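Asker: One structure follows; several queries about it will come next.
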Amino acid sequence: MSVPESRRQLSVPVATVEVVDDSLDAAFIHARGLTKRFGEFTAVDGIDVDVARGEAFGFLGPNGAGKSSTMRMIGCVSPPTEGTLRILGMDPGADGPAIRARLGVVPQQDTLDTELSVRENLLIYGRYFGMSRAAVRAKTDELLDFVQLTDRAKDKVEPLSGGMKRRLTIARSLINDPDILLLDEPTTGLDPQARHSLWDRLFRLKQRGVTLVLTTHYMDEAEQLCDRLVVMDKGRFAAEGSPRELIATYSTREVLELRFGPDEDNNVYADKVEGLVDRVEVLPDRLLLYTDDGDGTTAAVYQRGLLPVSTLVRRSTLEDVFLRLTGRTLVD
Amino acid sequence: MQPDTTAVLRQRHVPGSLDRVGASFGFWAFQYRRTWRGTVVSSVLTPVLFLAAMGIGLGTLVDDGGRLDGAYLLFLAPGLLAATAMQTAGFESMYPVMGAIKWVRTYHAMLATPLGVSDILLGHLLWVVFRVTSSAAIYLAVIALFGAVASPMALLALPAATLCGMAYAAPIFAFSSGYEKPSGFAALERFVIVPMFLFSGTFFPVSQLPDVLQPVAYATPLWHGVELCRALVAGTQTLADALLHIGYLSLWIVAGVTAAMFFFRRRLESTG
């Protein structure tokens with residue numbers, strides 16, 4: 001089969017050839033009743049997932065929701081206890097190496113070799129994919145440029161900042177031009193600037209047609225990157241949809257946040273605002289009133305003679321969706 | 001980079017299992033470039049010091065006693081060859097394995113690529129074969145320089161030493177991958193490796209041990225390695241004895257690799 005020159009720019013010389021039909025309509029990731037148990041503990045409890053080619057799909061949920069276990073099954077590292085799983089039309093149990101040859105993985109915990117240089121980390125990794133030294137070298141230059149680490153190429157990894165290490169991990173995960181990029185908590189522990197820089201890189205990949213699958217417990221990350229997401233809690237899906245759909249279905253247009261004094265009992269105030277809105281959430285430090293008219297509700301609060309220390313009207317976010325679905329906040 | 005929306009159409013290279021094991025081996029070889037000088041120096045220095053102090057220094061006293069058929073140096077040198085193979089194998093199979101699981105997380109990085117658990121394990125074990133063989137080769141050369149090699153059959157002592165080393169490496173891989181904390185290594189060193197080093201026939205014949213301890217010494221892989229190396233270096237090895245020793249050491253390797261495969265899978269497939 002001949003491949004047009006324009007499509008070969010990022011490819012590497014090949015020995016074994018495996019061509020996937022362009023008309024592949026099956027989902028890139030297809031799971032039915034996917035389950036993972038560790039002894040008595042059920043980490044993933046019979047989930048169904050379909051991720052289409054080119055989609056950016058997210059698993060949103062708190063720590064321990066089963067996101068990482070799901071990712072490790074999709075990454076063909078951890079075999080499912082039960083259920084069906086197909087990645088790129090293949091069976092992880094039988095075709096693990098062939099599937100992993102087409103995945104890029106950004107793990108939650110860095111697996112960089114800190115004793116090696118930035119460049120060496122990419123060189124050694126490319127060899128695991130059976131790439132020739134020349135192909136890895138060329139790809140390495142291109143990727144270091146993409147993640148803006150060209151000037152640190154010869155430095156050891158050890159002294160790099162957390163954000164730089166994450167960018168290097170992303171560069172490494174792209175060495176094989178993956179069809180699917182798996183990102184497990186890609187920006188956890190990074191400062192805001194580093195996070196935005198990383199999101200920018202991921203957004204570019206998405207525009208290029210790379211299928212992104214990520215887990216996060218940050219709602220802003222999910223909203224920034226995901227076309228579609230599932231809210232995951234205790235190994236199951238609590239809801240599924242685009243960020244906008246989820247907010248429309250499970251929350252109101254706006255949220256009024258009321259803060260009273262630090263020593264006040266918010267439950268008392270919850271009783272006092274009863275009837276103003278359909279739904280009130282009591283958090284330790286504030287009340288959330290779900291409303292379609294924030295300013296109107298604010299006025300109604302004052303009319304009842306209540307004097308909050310501060311009021312804030314904001315748009316609903318995925319955090320509110322999660323609170324509604326699970327009764328808990330995402331980030332403590 | 002150019003926009004690339006036709007990712008699926010690209011041809012894919014899936015490395016075969018030999019290539020995958022080779023890539024795993026390749027990582028350790030790549031890393032060794034940083035430390036090889038130190039290991040070569042100690043590979044030369046250790047036998048020189050041991051043979052000078054014990055083979056010649058202590059050996060003079062032993063030879064005066066006249067209890068051994070030949071010179072003590074000839075008795076000791078091949079025994080040390082096997083014992084050093086055991087120690088090199090132990091050293092390479094403890095911290096590097098735990099580090100690749102827990103600290104540097106090298107194995108986890110490899111598992112995100114076409115490499116699978118068995119590729120990772122076999123590649124790393126092959127690397128240990130290389131380390132044990134190369135340091136044993138240096139040892140054998142030093143022994144020859146000390147004039148303690150009696151027969152060309154001694155060349156076969158090299159694979160024999162490797163076999164002895166791997167009879168330790170494989171089960172220690174299993175131990176290291178199943179263990180949470182490095183404190184187990186100190187115990188393994190203190191209560192297993194060092195006693196074997198001292199009492200498995202390296203420095204004196206096992207027949208000198210109390211009767212109850214002799215079967216224990218005969219059960220250690222090291223004793224079989226020592227006997228094999230000693231008879232090969234002296235040129236007195238018979239085929240029947242050789243097959244017995246080789247068979248016993250191979251049994252440890254097969255059992256060790258099987259156990260290591262089990263623990264590696266359990267450890268690497270279930271936890272992040």
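A short reminder: the numbers here are calculations on the coordinates, not readings from a lab. A quick note: this is a predicted structure, and the numbers were derived from the prediction, not measured. Cβ atoms come from the backbone with ideal geometry, glycine included; neighbour counts cover every protein chain shown.
Asker: What is the P(r) of chain A, as percent of Cα-Cα pairs per 10 Å bin from 0?
Answerer: Going out from 0 Å in 10 Å bins, chain A shows 5, 23, 28, 22, 13, 7, 2, 0 percent.
Asker: Further, regarding this structure: In whole Å, what is the distance between the alpha-carbon centres of the range B:78-149 and the range A:174-189?
Answerer: Using only Cα atoms to place each centre, the spacing works out to 33 Å.
Asker: With Kirkwood's inverse mean 1/r over C-alpha pairs for Rh, give me the Rg to Rh ratio of the range A:180-328, two decimals please.
Answerer: 1.05
Asker: Once the piece of chain linking B:TYR95 and B:GLU180 is laid out straight, how much longer is it, given 0.36 nm per residue of separation minus the C-alpha distance between them?
Answerer: Here the answer is 29.4 nm.
Asker: Of all beta bridges DSSP finds with both residues in chain A, what is the antiparallel percent, to the nearest 5?
Answerer: Antiparallel bridges make up about 65 percent of those DSSP assigns within chain A.
Asker: Per residue of B:23-33, how many C-beta atoms from partner chains lie within 10 Å of its own C-beta, taken as a mean? Write down the numbers at each step before the final one.
Answerer: Details: counts 8, 2, 0, 3, 6, 0, 0, 6, 5, 0, 1.
Mean shielding count: 3.
Asker: Semi-axes of the range A:253-315's equivalent ellipsoid from the Cα gyration tensor, sqrt of 5 times each eigenvalue, largest first, rounded to whole Å?
Answerer: The answer is 16, 12, 11 Å, longest axis first.
Asker: Before anything else, pin down the relative contact order of the range B:51-208: Cα pairs under 8 Å, at least 6 apart, normalised by residue count, whole percent.
Answerer: Values: 132 pairs, mean separation 54.6, N = 158.
Relative CO of the range B:51-208 lands at 35 percent.
Asker: Using 7 Å Cα-to-Cβ label points, what is the B:SER118/A:ARG279 separation (nm, one decimal)?
Answerer: 5.1
Asker: Give me the angle, in degrees from 0 to 90, between the Cα long axis of helix B:221-234 and the longest principal axis of the Cα atoms of chain B, rounded to the nearest 10.
Answerer: Around 60 degrees separate the two axes.
Asker: Let me ask something additional. Inside 10 Å of the C-beta atoms of B:104-110, what's the mean count of C-beta atoms belonging to other chains?
Answerer: Rounded to a whole number, the mean comes out at 6.
Asker: Further question: Arranged from highest to lowest average of other beta-carbon atoms within 10 Å per residue, in what order do the peptides B:226-234, B:60-68, A:209-217 appear?
Answerer: Answer by packing, highest mean first, reads B:226-234, A:209-217, B:60-68.
Asker: Separation between the B:ARG266 and A:ASP200 pseudo-spin-labels, each 7 Å from Cα along Cα→Cβ, expressed in nm?
Answerer: 4.8
Asker: If you don't mind, another one. Please compute the contact order of the range A:253-315 in relative form: average sequence separation of alpha-carbon pairs under 8 Å and at least six residues apart, divided by the residue count, as a percent.
Answerer: RCO, the range A:253-315: 52 percent.
Asker: Pull out the extension gain between A:ARG236 and A:ALA94, defined as 0.36 nm times the separation in residues minus the alpha carbon to alpha carbon distance; nm, one decimal.
Answerer: Numbers: separation 142, 0.36 × 142 = 51.12 nm, distance 2.62 nm.
Fully extending the segment from A:ARG236 to A:ALA94 adds 48.5 nm.
Asker: Hey, how much of the P(r) for chain B falls beyond 32 Å, as a percent of Cα pairs?
Answerer: For chain B, the fraction of Cα-Cα distances above 32 Å is 30 percent.
Asker: Relative to the longest principal axis of the C-alpha atoms of chain B, give the angle of the C-alpha long axis of helix B:72-93, reported between 0 and 90° and rounded to the nearest 10°.
Answerer: 20
Asker: May I ask you to give the average projected area over all directions of the convex hull of the Cα atoms of the range B:13-162, in nm² rounded to one decimal? Can you show the working numbers first?
Answerer: Values: hull surface 42.8 nm².
Its Cα hull, projected and averaged over all orientations, spans 10.7 nm².
Asker: On to the next question. Under a point spin-label approximation (7 Å from Cα along Cα-to-Cβ), what is the A:PHE38-A:ARG133 distance to one decimal in nm?
Answerer: Here the answer is 4.1 nm between the modelled labels.
Asker: Looking only at B:THR133, B:THR39, B:THR162, which one moves most when chain B is put into a Gaussian network model with springs between Cα atoms under 10 Å?
Answerer: So, out of B:THR133, B:THR39, B:THR162, the one fluctuating most is B:THR39.
Asker: Which value at 222 nm does chain B reach when only helices count, each DSSP H run of 4 or more adding -39,500 (n - 2.57), with the total divided by all residues and rounded to the nearest 500 deg cm²/dmol? Don't skip to the answer; put the middle values down first.
Answerer: On the way: 13 runs with 185 residues, N = 272.
The per-residue figure over chain B is -22000 deg cm²/dmol.
Asker: Okay, next question. Given all pairs of different Cα atoms, what value in angstroms does the Kirkwood hydrodynamic radius of the protein assembly as shown take?
Answerer: Details: mean 1/r = 0.0358 Å⁻¹.
Answer for the protein assembly as shown: a Kirkwood hydrodynamic radius of 27.9 Å.
Asker: Using only Cα atoms and rounding to the nearest 10 degrees, what angle (0 to 90) does helix A:162-173 make with the longest principal axis of chain A?
Answerer: Long axis of A:162-173 versus the principal axis of chain A: about 50 degrees.
Asker: Output the relative contact order of chain B, whole-number percent, from Cα pairs under 8 angstrom with separation of 6+ residues.
Answerer: Values: 330 pairs, mean separation 72.1, N = 272.
Once normalised by length, the contact order is 27 percent.
Asker: Hey, another quick one. Other chains' Cβ within 10 Å of A:29-39 residues: what's the mean?
Answerer: Counting Cβ atoms of other protein chains within 10 Å of each residue's Cβ and averaging gives 0.
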